[in-house]
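Beneath this line is the structure, given in structure tokens, with notes to follow.
The values are calculated or read from the model by the stated rules, or taken from the named source; none is laboratory data. Because the structure is predicted, anything quoted here is derived from the model rather than measured. Positions of Cβ are generated from backbone atoms using ideal geometry, with glycine treated the same way; all protein chains shown enter the neighbour counts. The area values use the complete protein model at the heavy-atom level, side chains included, leaving out ligands, DNA and RNA. Shrake-Rupley method; radii C 1.70, N 1.55, O 1.52, S 1.80 Å.
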Amino acid sequence: MQRRGMIFRCRWLGLSRQWGGHCDRSLVRPIQTNGMGAGPVKRSFPYIREVLFSVGLGVAAVESGCDGAPNDVSASKTPAAAPSSGLVTLSAEESSRAGLVVQSVIRSDFRTYRDFPGIVQPDQHNMAEITTLVRGRVVDVYADLGQEVKANTPLAILYSSELGLAQSAYLKARARLHVAEQSYARAKFLLEEKVIGEAEAQRRQAELLSNQAESNEAHDRLKLLGMNDEEFRRLERTREIRSVVPIVAPFAGRVIGRKLTRGEVVETTENLFVIADLSEVWVKANIAEKDIPFVHAVHASGGMQAEVRINAYQGEVFKGTITYVGDVLDPVTRTMQLRLELPNTDGRLKPEMFATVRLYSEAQPDRLAVPEAALQRDQGRTFVFVQRSASEYEVRDVQIGESNGTSTSILTGLTEGELIVTHGAFVLKSELLKKQA
């Protein structure tokens, strides 16, 4: 490019050759004057140097453009960076019309919170899934969904031939045991009288022990099938076999599940009823892995209370007590479980309702904080408007900390007592952007 520029200058001056990097000045072409027909005029060397200097500047500009280096035109297209501060002026009338509200920056106790999704569930300490201990056919059903029942209230009746056979086996075992006891008692008497030998007495003792074992086995089988002590006494007293199995409520509560109908045959693996005492319910929240340190910090500081908001009751806040913080994570959702207990005396909280659990951090004393509405953001900056006079507002960049939804802590950029715009700051931001445009 440099050689091409030198040839261009030599030809422009009318010099035919280039010697050693310089134009050959021996041949100078005549330069016409204004087209008036005058003869050739020779120019002096100082004049030629001046022309060369001017031409050099032009060629340098051309070469710079060829090399792709930035020039004045391209530089002017680069957007100017936004100023970090500035002033916005609004008259008192304009400020009033825009509804600007100014408040003082103060220090106070600052708390943050986090929300977690949850779901209402029955208190599993007061819930029972009732099954039958024996296979049978449903004879009658007394309880229905939503019904309040008391402890030992009959819920349904089953007929079970298996239970009848077990009772029969028990009565037979008891009868054999009674005969074996009397036989051994006679053998002991006869042995003392030397009527029988010791071997016979030992045989009868072995029969007694065998019958005792069979009787105990039959008794335990009936207990596994649900018979209680009162029914055993009735069976031994009356010798009457009953093949009906009553299904009763283990405690007072509400029937929240029923899965049987009259006439169907039920197995021991089926849940027939679900009884729950809903005077107190649980709320189980799922804690994301990233929020576990926050929850542990709250729990370690003694924070046992939490706010619960139920989707069905907008605007209401329920108070719950933390009773369990999970020890393991769900491998699929990567969440930890948090459990709360809530009183539910009026029965408004229903199992499977969606909820939001809010945990508050420990209060941080002596912190600068401003309302969320005071913070404005633009091109990665966060700033507020500080009132300097009745009509002047300074743009002040700030570094923010945590937010609790209504206020945000300020790390740097403001001092206590300064006046900032807390309402209507977007109007000042619009004026600032117009000014920078």
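Cross-link reach is defined here as a Cα-Cα straight distance under 20 Å, omitting same-chain residues fewer than 8 places apart; for LYS172 the lysines meeting it are LYS223.
The phi-based Karplus calculation (6.51 cos²θ - 1.76 cosθ + 1.60; θ = phi - 60°) puts the 3J(HN,Hα) values of segment 365-377 at x, 6, 10, 6, 8, 10, x, 4, 5, 7, 7, 10, 10 Hz, whole numbers, x for Gly and Pro. Entry comment: accessible area of segment 286-401 is 53 Å² per residue, from protein heavy atoms only and a probe of 1.4 Å.
Please identify every one of the GluC sites (Glu not before Pro) in segment 297-383 that sits in a loop by DSSP and has no more than 12 other beta carbons within 10 Å of its own beta carbon.
On the way: sites: GLU307, GLU316, GLU341, GLU352, GLU362, GLU372; in loops: GLU316, GLU352, GLU362.
Qualifying residues, ordered by number: GLU316, GLU352.
First check a/c for segment 309-351, with a ≥ b ≥ c the square roots of the eigenvalues of its C-alpha gyration tensor; if it is under 1.5, answer rounded, and if not, answer prolate when a/b is larger than b/c or oblate otherwise. It would help to have the intermediate numbers written out before the result.
On the way: a/c = 2.76, a/b = 1.95, b/c = 1.42.
It comes out prolate by the Cα gyration axes.
In order along segment 170-175, phi translates into HN-Hα couplings of 5, 5, 5, 5, 5, 5 Hz, rounded to whole numbers, per the Karplus curve 6.51 cos²θ - 1.76 cosθ + 1.60 with θ = phi - 60° and x for Gly and Pro. Partner lysines whose Cα lies under 29 Å from the Cα of LYS350, excluding those fewer than 8 positions away in the same chain, are identified as LYS150, LYS259, LYS284, LYS319. Applying a DSSP loop filter and a limit of 16 other Cβ atoms within 10 Å to the trypsin sites (Lys or Arg not before Pro) in segment 214-318 leaves ARG239, ARG242, LYS259, ARG262.
What number comes out for accessible area per residue over segment 117-265 if the probe is 1.4 Å? Units Å², please. Let's see the in-between values first.
Values: 9080 Å² over 149 residues.
On a per-residue basis, 61 Å².
With θ taken as phi - 60° and the Karplus curve 6.51 cos²θ - 1.76 cosθ + 1.60 applied, the whole-hertz 3J(HN,Hα) list for segment 150-167 is 9, 4, 6, 6, x, 9, 6, 10, 10, 10, 9, 5, 4, 5, x, 5, 5, 5 Hz, x standing for glycine and proline. Under 5 Å between amide hydrogens, built in the peptide plane, is the criterion, and for THR408 it picks out VAL370, GLU372 among residues at least 5 positions away or on other chains. Classified by the C-alpha gyration tensor, segment 150-235 has a prolate form. Its axis ratio a/c, with a ≥ b ≥ c, is 1.5 or above, and a/b is larger than b/c.
When the accessible area of segment 154-294 is computed with all protein chains present and a 1.4 Å probe, what percentage of it is carbon and sulfur?
51 percent
Cα gyration tensor of segment 155-293, axes a ≥ b ≥ c as square roots of the eigenvalues: rounded (a/c below 1.5), prolate (a/b > b/c) or oblate? Here segment 155-293 falls in the prolate category.
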